[in-house]
Amino acid sequence: MKITVIGAGYVGLVTAVCLADIGNTVICVEKSSATLDELNRGMSPIYEPSLQEMLQKNVDEERLIFTHIMEEGIKFSDILFVCVGTPESKVGKADMSQVEEVSRQIAENMDSYKLIIEKSTVPVNTHKLIKRTIKRYARKNLEFDIASNPEFLREGFAVHDFMNPDRIIVGVESKRAENQFRELYKPFTDIGINLIITKNAAAEIIKYASNSFLAIKISYINMLADLCERINVDINMVADGIGADKRIGRDFLNAGVGYGGSCLPKDIKAFINIAESYGVDFSLLKETEKINKNRINQFLEKIEDNLWSIKDKKIAVWGLSFKPDTDDIRETPSLDIIKRLVDAQAYLMLYDPKATDNFKKLVPENNQIKYLKDKYEALIDADALLIITEWKEFKEANLDRVKELMNIPLIIDGRNIFDPEVIKNKEFDYYSIGRDPVKSDNEEYFEYIIKKEDSNIENI
Ligand code: UGA
């Protein structure tokens, strides 16, 4: 089939490359000339496993073309994927100006029937606004359909997730649009992937509701982690136990310093706003956000508890990206943690396998902050090591070497990457999330709680 993708950002580029790879001819419209130059040289401007190779292959085989001319893209095919950005505005809503602009351009340039597909994450009922805009600005009275086909691509797995989705969600309002999707996604349905056809508004909600549910799971396990610390139970045992129930599932039950990235924090805020605009109070999501923000405070308390005073301490930090296998630092927990440690007058040695260059732009090197090219170098004479992102290379670190290099063998692990037994056997002072007693005198704390409960009972 012939397909047009508008916007070669993260979602647009992955969509264009993958749809070309399954045999379609795809034109991708991108207005940034710098991005376009790279793409025309067969270079991917973003890092995603397999994307570069697939991009090059499909450009070489002439199934994938890039242009900056919107008219060319719109006239090229009947199927238009709108993949432009919907960043968070100052008031926590999604900024829809790019979607509005593209809708006008489609209206002004369309010369035959079009299926216009929202792929960007957009507020509920955006399809109605696109429809109104197209009707207002269309030069001719042409038929068109608006559809919603949200993406569920994780950074670092985007190509994999596109090619092997758990499900494909499509919102349509006509049989004609439904049939086009059935044809487009036949290579997927032929191998048993579930294509869920629903209404536009439902598809729009499904996207926000999915990301919000994932955030709820993370905040829930983090809340449980706080309890586990107080009663000296390992949060991973609890997560394994509840996650073994198929209705719950083990994924996204890893306790830590909280969720970040360009999607979960933004989408949850926007979803709260959407609900509010319809008079519904999403208090559960507000609490989810609150728990997430508080993870940073708790992590800093842990650092303070263990260092006594942060001032003048040399602290090594492993992990700057919001999660492993990406150089993305948007809403990364490490940013707040590092800023607070700088304010507390610590000296920081920072290391990340991929995100250093991006992080440096936000937090430049100075007399308190040094970036290292090697994870071991960052440890020299350190009073503590903080782990904020669970990169594989950290899990595989040579612990004897780590210990040798540090001034004090103290590790505060915000992602639970090590087995506490193993690491304590190596005589590290090791603290993680939801797996240690709050204080070393946990027994006393337990007795205190029992006494408090007894006195409550007596009072009754
Ligand atoms: C997320 C969703 O997982 C995708 O399905 C969705 O398509 C995407 O947003 C989007 O809306 O475009 P992504 O932002 O790439 O994908 O990251 P996730 O893998 O979801 O991780 C988000 C954050 O949660 C990370 O900071 C991660 O460290 C944290 N996390 C994840 C935890 O703290 N614990 C967990 O158990 C899992």
- [ ] Within region 1-53, count every residue that is β-branched (V, I, T) and in contact with a strand residue (DSSP E or B) (Cβ under 7 Å, 6 or more places away or on another chain).
- [x] 10
TODO: Would you mind finding the one in K354, K361, K302 that is touching a residue at least 24 places away in the same chain (Cβ under 8 Å) and assigned to a helix (DSSP H, G or I)?
DONE: K302
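The rows are residues; the columns are (1) aliphatic (A, V, I, L, M); (2) away from the ligand (no atom under 16 Å from the Cβ).
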| site | (1), (2) |
| --- | --- |
| V82 | yes, no |
| V91 | yes, yes |
| V102 | yes, yes |
| E108 | no, yes |
| I116 | yes, yes |
| S120 | no, no |
| S148 | no, no |
| R154 | no, no |
| N164 | no, no |
Open item on the list: Which pairs turn up if I take residues in region 330-341 that are near the ligand (Cβ under 9 Å from one of its atoms) and look for partners that are aliphatic (A, V, I, L, M) with beta carbon separation below 9 Å, at least 6 apart in sequence or on another chain?
Closed with: E331/L264; T332/L320; T332/A355; T332/I388; P333/V257; P333/I296; P333/I388
Open item on the list: Step by step: first the residues of region 18-74, then only those that are of a type in the set (K, R) and in a loop (DSSP other than H, G, I, E, B), then the one that is surrounded by the fewest Cβ atoms within 10 Å (Cβ to Cβ). Which residue is that?
Closed with: R41
TODO: State whether the residues of region 249-256 include one that is more than 13 Å from the ligand (Cβ to nearest atom), surrounded by fewer than 18 Cβ atoms within 10 Å (Cβ to Cβ) and not hydrophobic (A, V, I, L, M, F, W, C).
DONE: no
Open item on the list: Scan region 382-393 and tell me whether some residue there is among the charged types (D, E, K, R), within 15 Å of the ligand (Cβ to nearest atom) and in a helix (DSSP H, G or I).
Closed with: yes
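Residues checked against (1) over 30 Å from T288 (Cα atoms); (2) at pLDDT below 95:
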{"residue": "G171", "(1), (2)": "no, no"}
{"residue": "E178", "(1), (2)": "yes, no"}
{"residue": "K186", "(1), (2)": "yes, no"}
{"residue": "T189", "(1), (2)": "yes, no"}
{"residue": "I196", "(1), (2)": "no, no"}
{"residue": "N200", "(1), (2)": "no, yes"}
{"residue": "K207", "(1), (2)": "no, yes"}
{"residue": "N211", "(1), (2)": "no, no"}
{"residue": "N222", "(1), (2)": "no, no"}
TODO: Please report, ordered by residue number, the helices (runs of 4 or more DSSP H) entirely within region 141-232 with at least 1 residues that are small (G, A, S).
DONE: 158-163, 175-184, 200-231
- [ ] List every residue pair whose Cβ atoms lie under 8 Å apart, where the two residues are 6 or more positions apart in sequence or sit on different chains, the first residue falls within region 144-160 and is touching a residue at least 40 places away in the same chain (Cβ under 8 Å) and among the small types (G, A, S), and the second residue, located anywhere, is in a loop (DSSP other than H, G, I, E, B) and within 14 Å of the ligand (Cβ to nearest atom).
- [x] S148/V122; G156/E48; G156/P49; G156/K323; G156/P324; G156/D325; G156/T326; A158/E48
Task: Sole residue being farther than 28 Å from K392 by Cβ and within 11 Å of the ligand (Cβ to nearest atom), chosen from S212, S309, S283, S219 - done: S212
Open item on the list: One residue is enough: does region 182-195 have a residue meeting the conditions charged (D, E, K, R), surrounded by 16 or more Cβ atoms within 10 Å (Cβ to Cβ) and not assigned by TED's automatic domain parsing to the domain that holds F271?
Closed with: no
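In this structure, is K323 basic (K, R), within 24 Å of F152 (Cβ to Cβ) and part of a helix (DSSP H, G or I)?
Against the criterion (basic (K, R), within 24 Å of F152 (Cβ to Cβ) and part of a helix (DSSP H, G or I)), K323 does not qualify.
Looking for something in contact (Cβ under 8 Å) with a residue 60 or more places away in the chain and away from the ligand (no atom under 15 Å from the Cβ) - is there at least one such residue anywhere in region 194-201?
So far as region 194-201 goes, yes, one or more of its residues are in contact (Cβ under 8 Å) with a residue 60 or more places away in the chain and away from the ligand (no atom under 15 Å from the Cβ).
Let me confirm something: among A378, A382, which residue is over 29 Å from the mean Cα position of the chain (by Cα), assigned by TED's automatic domain parsing to the domain that holds K323 and crowded, with 19+ Cβ neighbours inside 10 Å?
Only one candidate passes the filter, namely A382.
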Task: Residues (in a loop (DSSP other than H, G, I, E, B) and either crowded, with 23+ Cβ neighbours inside 10 Å or not hydrophobic (A, V, I, L, M, F, W, C) (or both)) located in region 264-299 - done: Y278, G279, D281
TODO: Output the number of the condition that E404 fails; it satisfies all remaining conditions of (1) without any contact (Cβ under 8 Å) to a residue 12 or more places away in the chain; (2) assigned to a loop (DSSP other than H, G, I, E, B).
DONE: (2)
Task: Subset of region 166-189 [more than 13 Å from the ligand (Cβ to nearest atom) and either at positive phi or β-branched (V, I, T) (or both)] - done: V170, V172, T189
- [ ] Would you mention how many residues in region 75-112 are β-branched (V, I, T) and either surrounded by fewer than 19 Cβ atoms within 10 Å (Cβ to Cβ) or farther than 25 Å from A158 by Cα (or both)?
- [x] 2
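The values are calculated or read from the model by the stated rules, or taken from the named source; none is laboratory data. Here the structure is a predicted model, which means the values were calculated and not measured. Heads up, the Cβs are rebuilt from the backbone with ideal geometry, glycines too, and the neighbour counts pull from every protein chain shown.
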